[in-house]
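First the structure, in the form of structure tokens, and then the observations on it.
The values are calculated or read from the model by the stated rules, or taken from the named source; none is laboratory data. Values in this document were obtained by computation on a predicted structure and should not be read as measured data. Cβ placement follows ideal geometry from the backbone for every residue including glycine, while neighbour counts extend to all protein chains displayed.
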Amino acid sequence: MVPRLAHDGSSAATSGLTVVRSALVLNATFEPLSVVPARRAVCLVLQDKAEIVEHDGSAVRSERVALPGPLVIRLRYVVRVPFHRRTALSRRAVFLRDGSRCQYCGGTADSIDHVMPRSRGGQHVWENVTAACRPCNLRKRDRTPEEAGMRLASVPLAPREAAWVAVSVGRVPDVWKQYLAAAS
């Protein structure tokens with residue numbers, strides 16, 4: 001049986017709480033592979049497929065076993081990764097890349113805009129999508145920024161290779177940053 005996680009480190013069975021926490025999974029070479037729920041991380045540790053590298057100070061308990069709550073785990077074997085992971089293009093990812101700021105006026109962004117409109121052959125790719133506020137998006141309409149008399153604050157680019165982690169969890173824990181910095 002896998003122990004359930006609680007806020008204060010006590011068993012969820014006694015406190016009635018279940019908290020969904022995440023753990024960063026590293027390859028045996030310390031390369032970031034994925035982000036998994038803490039429950040899955042505990043299962044990997046219990047099956048002796050991984051070891052805990054960083055923990056959060058809480059304890060995960062069962063009847064016979066007590067483990068520290070995992071934040072970062074490292075697999076005991078090397079997993080061959082056949083491709084370089086790219087951050088999926090999504091509204092959330094575009095807002096994260098652009099800091100939730102309109103790239104035309106600097107206001108709070110609430111929509112995304114295709115720099116070269118799709119009706120004119122623009123692709124739905126990182127280099128053609130940017131965050132925009134509704135007034136700027138309506139003002140630009142089906143035109144390029146030059147035709148609308150607008151300037152982009154920054155050229156839209158694909159995020160760095162390890163940005164998929166930030167997109168998947170929202171806020172990256174400080175403990176993870178040293179492992180992600182080494183990868184990028």
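Here are a few things to note about the model shown:
- Region 19-50, residues that are of a type in the set (Asp, Glu) and without any contact (Cβ under 8 Å) to a residue 60 or more places away in the chain: 48
- Summed over region 103-130, the residues that are touching a residue at least 40 places away in the same chain (Cβ under 8 Å) and part of a loop (DSSP other than H, G, I, E, B) give a count of 4.
- Residue match in region 105-112 (condition: outside the structural domain of residue 141 (by TED's automatic domain parsing), of a type in the set (Val, Ile, Thr) and more than 17 Å from residue 157 (Cα to Cα)): no
- All positions within region 21-46 that are hydroxyl-bearing (Ser, Thr, Tyr), in a strand (DSSP E or B) and either farther than 13 Å from residue 176 by Cα or touching a helix residue (DSSP H, G or I) at 6+ places or on another chain (Cβ under 8 Å) (or both): 22
- Here 79, 94, 72 are screened, and the one residue that is under 26 Å from residue 31 (Cα atoms) and assigned to a strand (DSSP E or B) is 72.
- Some residue of region 58-70 being within 19 Å of residue 159 (Cα to Cα) and without any contact (Cβ under 8 Å) to a residue 40 or more places away in the chain: no
- Residue 89 being touching a His at 6+ places or on another chain (Cβ under 8 Å) and either of a type in the set (D, E, K, R) or more than 21 Å from residue 175 (Cα to Cα) (or both): yes
- From the list 66, 28, the one residue that fits, being more than 29 Å from residue 129 (Cα to Cα) and in contact with a Leu (Cβ under 9 Å, 6 or more places away or on another chain), is 28.
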